1. Treating only the Cβ of Lys, Arg, Asp and Glu as charged (+1, +1, -1, -1), what charge dipole size does the range 8-104 show about its Cα centre? Round to the nearest 20 debye.
2. In debye to the nearest 20, how big a dipole does the range 114-186 give about its Cα centre with +1 on each Lys and Arg Cβ and -1 on each Asp and Glu Cβ?
3. Defining a contact as two alpha carbons under 8 Å apart and six or more residues distant in sequence, what relative contact order in percent does the chain show?
4. Determine the dipole magnitude for the chain: charges of +1 sit on the beta-carbon of Lys and Arg, -1 on that of Asp and Glu, nothing else is charged, the reference point is the Cα centre, and the result goes in debye to the nearest 20.
5. With angles folded into 0 to 90 degrees, how steeply does helix 84-96 sit against the dominant principal axis of the chain? Use alpha carbons for both and round to 10.
6. When you count, for each residue, the other Cβ atoms within 10 Å and take the mean per peptide, how do 59-69, 114-124 rank with the highest first?
7. Quick check: Cα centre of the range 80-135 to Cα centre of the range 159-186, how many Å?
8. Working from Cα positions, state the angle (0 to 90°, nearest 10) between the long axis of helix 107-129 and the longest principal axis of the chain.
Amino acid sequence: MIGAAGDGADAPTAGVRVKVWDPFVRLGHWALVASTLTAWLTHEGPPALHDRAGYLALGIVVLRVLWGFIGPPHSRFKDFVRGVEETTRYARAWLRGDAPHYLGHNPLGGWMILALLATIATTSVTGWLLTTDWFWGSAIVESLHAFSARFLLFLIVFHVGGVLLTSWRGGENLVAAMIHGKKRVR
Ligand code: HEM
Ligand code: HEM
């Protein structure tokens, strides 16, 4: 299994705790959570805070995408974006309750991350368009913004649910790992 812990000639020893999430990934994650939730909670005002929080979220998404090409191994897209076959195999195993352990993001988590990043970008860009002379008051762009914001909320519910369930089933606190950055090698 590509990218799973324990594979490869330079695989670290089982049981050892290793650094997986670099400071940018960790700080970026919690800043993204704070800015996205602030944008959501302020959609009825004040508009300045709503817009700034949305732009901040967009800025973090842009940096995270760049980091996905130049950052340390586990932050790279090629480390966690997997093909349909491997993702389907993982999803089946996850449903059965015997999913393999991944040191980085698992295949389902990887696709969820892409969906979250793309939806935050869509929501923020459509929000920005509403402030321009071209699209100010455009019913279509307003609907796109409202729809992508709601879809984002839907993804977040699944993301948090998936993280908590995977933590519980795998006996590993993934939320704590997103704070201190370390995970145990299986
Ligand atoms: C606005 C809400 C949220 C957004 C937009 C969001 C977005 C993301 C993104 C983009 C990643 C990938 C991190 C990276 O590689 O850079 C991620 C991972 C993660 N998130 Fe969130 N997140 C949100 C809320 C939360 C919350 C509330 C929790 C805690 C319960 C959480 C826990 C995690 C964990 C543990 C991971 C790593 C999963 C793994 O081990 O593969 N997230 N999230
Ligand atoms: C993650 C980022 C964002 C989220 C989650 C978000 C969320 C929302 C939500 C839920 C609404 C109410 C939609 C409705 O029910 O009609 C809204 C409205 C609005 N947002 Fe955002 N937004 C974000 C970013 C932005 C940005 C960056 C801007 C502009 C700079 C912006 C500008 C607006 C405007 C102008 C409205 C009012 C639209 C109308 O007249 O219905 N938003 N936003």
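Just so you know, all these numbers are worked out from the coordinates, no wet-lab data involved. Being a predicted model, the structure only gives us computed values, none of them experimental. Using ideal geometry, Cβ is built from the backbone for each residue, glycine included, and neighbour counts are taken over all protein chains shown.
1. Result for the range 8-104 is approximately 180 debye, rounded to the nearest 20.
2. Magnitude of the dipole: close to 660 debye.
3. 32 percent
4. Here the size comes out at about 700 debye.
5. That works out to roughly 80 degrees.
6. 114-124, 59-69
7. Cα centroid to Cα centroid, the span is 17 Å.
8. The angle comes out at about 10 degrees.
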